[in-house]
1. Check which residues have an amide H placed less than 5 Å from V119's amide H, if you skip close sequence neighbours.
2. Between T185, T247, T168, find the one with the highest GNM mean-square fluctuation for the chain; connect C-alpha pairs within less than 10 Å.
3. Taking the alpha-carbon set of region 20-124, what are its Rg and Dmax in Å?
4. Neighbouring Cβ atoms within 10 Å as the yardstick, rank T208, T232 fewest first.
5. How are the alpha carbon pair distances in region 125-269 distributed across 5 Å bins from zero to the largest one, expressed in percent?
6. If you take the beta carbon distance between E49 and V191 as r and set R0 to 35 Å, what does 1/(1 + (r/R0)^6) give as a FRET efficiency, to the nearest 0.05?
7. Between G12, G48, G28, which gets the highest mean-square fluctuation from a Gaussian network model of the chain, Cα cutoff 10 Å?
8. Would you mind getting the Kirkwood hydrodynamic radius of region 212-262 from its Cα pairs, rounded to one decimal in Å?
Amino acid sequence: MTDLNLGIAGCGGRMGRMLVAEAYATAGCRVAGGIEAPSHPALGRDLGELAGIGPIGIAAGTDPEALFVASDVVIDFSTPEAAMRHAALAAKTKTPFLLGTTGLNPEQGAAVRDAARAVAIVWPPNTSLGVTLLLALVEEAARRLGPDWDIEILEMHHRHKVDAPSGTALALGRAAAAGRGIDLTRASVRVRDGITGPRQEGMIGFATLRGGDVAGDHSVIFAGAGERLELTHRAASRQIFAKGAITAALWLGQGRPPGLYGMKDVLGL
């Protein structure tokens, strides 16, 4: 079996650099190339040097189409705007695509789903095994606990994260809503400030914290009368997301039919 040629969009970012290192260290995987925005300071630099593993003879470029043509699978941890364009390129070149970018607006999300009609796309809110299991646990807990149990979702990330709530927090909200059989868009509370009045029954609340270098903490709190259940996942390092992304890329490289997939599909859960 030949090695999987892996392309990385957003190769100069924190996750991109970690993906280069993880791919280079993974048997059956080969770094095919990486791209960044035209003004990014990583351009022209060796991907291995960016990742701290020493030169590998591949420089960061700016040509997305060339990357997709040269790759068996492309992983994207860039920006929502770039992700939408890259999804269209994945469909055009029939290159399986792992989208790790969060914060896409409805139009951008629709473009990704449209691209998945032509090519296999894994688009998870989080590539961690632990978070994948947490989503299933939250849905089951919400299903079994009655509406008199209030649901609150708390997340914290590093100071550089630009979207809120996090994609994972929203996915946890969707899991809780699915367990309750309700529509999250009509049952979520994103902001509380001032005199808000008492909490409405059946709503799902979100709270966002930002600071330091926190890789990602998520807690789902089920608060009942006289007792409280808390389900929590804490990421000590972004490496868990890189490992999960490489696992998903190897899964995509096995010839999956067009469609939109999640980490549950990758892990067979």
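1. So V119 has HN proximity to G259.
2. Top of the fluctuation ranking is T185.
3. Radius of gyration, then largest Cα-Cα span, for region 20-124: 13.8, 40 Å.
4. T232, T208
5. 2, 9, 18, 20, 19, 15, 10, 5, 2, 1, 0
6. Calculated transfer efficiency: 0.25.
7. Residue with maximal mean-square fluctuation among G12, G48, G28: G28.
8. 14.2 Å
Since every read-out is calculated from the coordinates, none of them should be taken as a lab result. All values derive from a computational prediction rather than experimental measurement. Methodologically, a virtual Cβ is constructed for each residue, glycine included, from the backbone with ideal geometry; neighbour enumeration extends over all protein chains shown.
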